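Take a look at the structure below.
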Amino acid sequence: MTANQIRQAFFDYFEKKDHKIVSSAPIVLKDDPTLMFTNAGMNQFKDLFLGYKVPDNRRIANSQKCLRVSGKHNDLEEVGRDSYHHTMFEMLGNWSVGDYFKKEAIAWAWELLTKVYKLDPSRIYATVFEGDHNDGLGKDDEAATIWEQYLPADRILFCNKKDNFWEMGETGPCGPCSELHFDMRSDADRAKLSGRELVNKDSPEVIEIWNLVFMQFNRMADGTLQSLPENHIDTGMGFERLCMAIQGKKSNYDTDIFTPFIELIEKTSGVKYTGKYDGSSMSDIAMRIAADHVRAVSFAIADGELPGNTGAGYVIRRILRRAVRYNYTYLNQEEPMLFKLVNLLADKFKSAFPELQAQRGFVEKVIKEEEKSFLKTLNGGLKRLDNVTVVDSTISGDDAFELYDTYGFPIDLTRLISEEKGLKVDEEGFNKALQAQKDRGRKDAKRETGDWNVVHPGREVDFVGYDQLRVSDAKILSYRAIKQKDEVVYQIVLNKTPFYAEGGGQVGDQGTLVVGADVIKVIDTKKENDLIVHFTTRLPEELDGKVEAEVDEEKRRYTENNHSATHLLHSALNRVLGSHVQQKGSLVREANLRFDFAHFQKMTDEEISDVERMVNEKIRENIKLDENRSIPIKDAKDAGATMLFGEKYGDYVRMITFDPEYSRELCGGCHVNATGEIGLFRIVSEGAVAAGVRRIEAVTSIKAEDFINDKINELNEIKSLFKSTQNTVRQVSELQDENKILQKEIERLIADTALGIKDDLIKNAIEVNGIKVVKTILKDLDSKNAKTLAYNILGELGSGLVYFGLESGDKPQLMIAITEDLVNDKGLHAGNMVKSLASHIRGGGGGQPFFATAGGSDNSGLSKALEGLNVLLG
Ligand code: SER
């Protein structure tokens, strides 16, 4: 079976068991503050497990793009060295939300593996949870008994919390699990040692392929477990490992998921892949790293996460840099090469994850530029690393920090290179230096998030903010405190609210919550999963009273103007620049809007004014908002609505249209009733934000008026400086011409003056040891004119030496020019002379035997410096 067939067979099997097959959530998470990347298939169903939402189908299955490179689950160091860890991997999963439980989950897993995929049942082991005293949990005898129907008792193992209790993160849904392990060893090896001995022992040949989690608890912030309202099933099967087992390979990299990439890397680098895992072939490791890392980086970029210096963007940058460094050192790639794999990747995944195919050119460009810029600093960094001081075989934390800060070397890269040299890195010292830098920049490092306190039970939040900006009868469902440094911020959830939570680029609403006479300011509103969370600096005294919630109307209206203008702008860009203009980010707020989009060159002035004109035309047409609040996603797609990559869309979506022929987007944000309300649109700036990404900043309505008025006022001020009503542009241009002429005139006058003093200087020439010497201190003569003067004097002297001290501001200079005969016959050397004389003016310098200068900082030493010459000639 090919990899694509294996994936399809999984979907087919669970579809027959009444599961709904859904698409993968984006690999980069937006609405979950506890996670940066999707690290398990169940992430997108967290709310279902916590009982906050009920799905329309309680049985679900999919293949999820996952990344385990940060936080609780982090495999980065292993990747490339072994045969079965990856940065990005696919997780096949089936879920029961309060529907079937252990019996079915186990029976179906067994049937699929042994009957559909035809894996040898005698090679399969199951592990079950042995219980945990601290958590007050007993053995999972129930799961073990079910397994006994399929497996002999000696292939069922009880294991500890580390291996058999699955948790999503520090907090969140969790539960005991049962893993399926597969023994891929030869029969001879199996006869020698039972696979049982190798389960959970990091053997590359006896590996976990499927994890069945019996979700029963929620881990709270204080570490305790709370029972979930219902029991659920959450399974996750490593797709790449499954393919290895089914295709009878010894490594994931030998399956058809990776072999085409390894071949392409061989072709590009001219290095042969030998498939070794004992660490003896670094080029093999480099090839596996390239084949693996390009997947993580490409899909993250396609889902909207650009490499950057903080958060998720930095994780992506680190992965990419790890690959670049391996390519450079072990595959001799001094030019970008990872980007050359993107095309193949897009092609291989076009049916499973089409988002890459659709943005291929863009992803290639971003990766190539990122590779290029890191290759530039890599060289310098590697040299620096060669020269760092090593004490006790350890590189100091400060050096590691310098490499990080100046050369962009992530600590794992420094660690890795050091290990190859048999050295250690003082990571504690590095972390200290890093922390010190962070503390300097930002004082909010640590946050403590409390658990939710329930005031009124319930999780259903009614958002009414599209239609009204005030409700008078809301109640508080729950609240919690967040401590950051010395500040406490409260988060409040209401059952009903007009406050829009930050999302889709639009900022969260501000406003007030009024409980009785208590007026509390809402400073921000954000989403956490599906909850709308109001941020306040204090809690109402009466928590269970009636809440009047009112949005700051002025802020909201201006924000709406900017949001609708963003849609009009998006469409105008598509029309003026082309359909490749994909939205790459946006910020919509009261003051202005920001729109990032994929486009490869700077927009011309003409393009900018075409876009501006088109948007203003649409504003004047006063097009009515056509809002479809809940339309099946398929219908929206058929209607040609613009969808964004990296967004998680449900089955039903909200569609915003301003003229079906002009702008139609899927959007959850707030908009004007008709475009005329926007009033006016002006682009304030256009520039680059990253490789292949441009940014437009624009203003609307009164802010656009202000913008234009400011420009007019500036112009009027300039006009009034001219005290005339003539054409200002012509006047400025005349002024510039006049200025140029005057500048030339000044230069000529200075040169004339210099020549004027020439004769006097020659007259005052002295002789030292038979050498004609002209020396003097000159004020305010620049070095260019001084040099001309010196050579003119030498020309007239025929043979001699000119020595100037140039006094200018607080930067004095010495200058010596000598004729050729003296250099040759007497061995004079201007460079050496200024070097020794420069100390008088607290400076240094040097140069040729015929001509040299020195700069200093002490004008008062000039006469001493001039006197010093005689000694040198004596
Ligand atoms: N959540 C579990 C895991 O990631 C099963 O899907 O292993």
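The values are calculated or read from the model by the stated rules, or taken from the named source; none is laboratory data. On a predicted model such as this, the values are computed, not experimentally measured, just so you know. Cβ coordinates were reconstructed from backbone atoms using ideal geometry, including for glycine residues, and neighbour counts include every protein chain displayed.
Structure data summary
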| read-out | value |
| --- | --- |
| Residue 783, sole failed condition from (1) surrounded by 11 or more Cβ atoms within 10 Å (Cβ to Cβ); (2) at pLDDT 90 or above | (2) |
| Residue in region 164-177 that is more than 16 Å from the ligand (Cβ to nearest atom) and buried (at least 17 other Cβ atoms within 10 Å of the Cβ) present | no |
| Answer residue from region 95-123, given it is touching a Gly at 6+ places or on another chain (Cβ under 9 Å) and not in a loop (DSSP other than H, G, I, E, B) and is farthest from residue 11 (Cα to Cα) among those | 123 |
| The one condition in (1) within 14 Å of the ligand (Cβ to nearest atom); (2) over 25 Å from residue 457 (Cβ atoms); (3) touching a strand residue (DSSP E or B) at 6+ places or on another chain (Cβ under 6 Å); (4) at pLDDT 90 or above that residue 57 fails to fulfil | (1) |
| Flag for residue 200 being surrounded by 18 or more Cβ atoms within 10 Å (Cβ to Cβ) and within 22 Å of residue 98 (Cα to Cα) | no |
| Criterion (crowded, with 19+ Cβ neighbours inside 10 Å and at pLDDT below 95) met by exactly one of 14, 10, 45 | 45 |
| Residue match in region 446-466 (condition: in a loop (DSSP other than H, G, I, E, B) and under 30 Å from residue 398 (Cβ atoms)) | yes |
| Test: residue 659 is without any contact (Cβ under 8 Å) to a residue 60 or more places away in the chain, closer than 21 Å to residue 579 by Cα and not basic (Lys, Arg) | yes |
| Residue satisfying all of: in region 522-540; assigned to a strand (DSSP E or B) and of a type in the set (S, T, N, Q); surrounded by the fewest Cβ atoms within 10 Å (Cβ to Cβ) among these | 536 |
| Matching residues, region 231-266, being under 19 Å from residue 8 (Cα atoms), part of a helix (DSSP H, G or I) and away from the ligand (no atom under 16 Å from the Cβ) | 243, 244, 245, 246, 252 |
| Test: residue in region 215-225 that is in a helix (DSSP H, G or I) and either buried (at least 18 other Cβ atoms within 10 Å of the Cβ) or more than 12 Å from the ligand (Cβ to nearest atom) (or both) | no |
| Any pair with Cβ under 7 angstrom, 6 or more apart, that starts in region 235-249 at a residue that is without any contact (Cβ under 8 Å) to a residue 24 or more places away in the chain and of a type in the set (D, E, K, R) and ends at one that is in a loop (DSSP other than H, G, I, E, B) and away from the ligand (no atom under 13 Å from the Cβ) | 249/255 |
| Residues being in contact with an Asp or Glu (Cβ under 8 Å, 6 or more places away or on another chain) and within 16 Å of the ligand (Cβ to nearest atom) - total across region 141-159 | 1 |
| Residue list for region 801-849, restricted to those being touching a His at 6+ places or on another chain (Cβ under 8 Å) and not β-branched (Val, Ile, Thr) | 849 |
| Positions within region 405-426 being of a type in the set (Phe, Trp, Tyr) and more than 18 Å from residue 76 (Cα to Cα), in sequence order | 407 |
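One line per residue, one yes/no per condition, for (1) in contact with a strand residue (DSSP E or B) (Cβ under 9 Å, 6 or more places away or on another chain); (2) more than 21 Å from residue 258 (Cβ to Cβ):
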residue	(1), (2)
290	no, no
313	no, yes
318	yes, yes
330	no, no
344	no, no
353	yes, no
